[in-house]
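Notes to accompany the following structure.
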Amino acid sequence: MNIDRMILAFAGSMILVTVLLSQVHSLYWLWLTAFVGANLLQSSFTGLCPLVKILKPLGFKPGKAFE
């Protein structure tokens, strides 16, 4: 799996988990959902994503999303 797909999978998982936690535990979990969404939005403009700096040293290869 390449970095692009890992980022999409991680962001999607975080959003689903935090929405579930907001329903079961506390509405404050929606702040993490908003942070993930804001990070996705800013990375679409800047091309910078903090998760890339973590995944590259772990050996994941860069790729093109949705190919």
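Table for the structure above
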quantity	calculated
Pick from the range 21-57, criterion among the small types (Gly, Ala, Ser) and modelled with pLDDT of 90 or more, ranking: nearest to residue 2 (Cα to Cα)	37
Residue in the range 5-24 that is without any contact (Cβ under 8 Å) to a residue 60 or more places away in the chain and part of a loop (DSSP other than H, G, I, E, B) present	no
Residue satisfying condition, being under 13 Å from the mean Cα position of the chain (by Cα) and hydrophobic (A, V, I, L, M, F, W, C), within set 48, 30	48
Those residues of the range 25-38 which are part of a helix (DSSP H, G or I) and either among the hydrophobic types (A, V, I, L, M, F, W, C) or without any contact (Cβ under 8 Å) to a residue 12 or more places away in the chain (or both), in sequence order	27, 28, 29, 30, 31, 32, 34, 35, 36, 38
Extreme residue, farthest from the chain's Cα centre (by Cα), among residues of the range 6-27 that are β-branched (Val, Ile, Thr) and surrounded by 12 or more Cβ atoms within 10 Å (Cβ to Cβ)	19
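The values are calculated or read from the model by the stated rules, or taken from the named source; none is laboratory data. A quick note: this is a predicted structure, and the numbers were derived from the prediction, not measured. We place every Cβ from the backbone using ideal geometry, glycine too, and count neighbours over all the protein chains shown.
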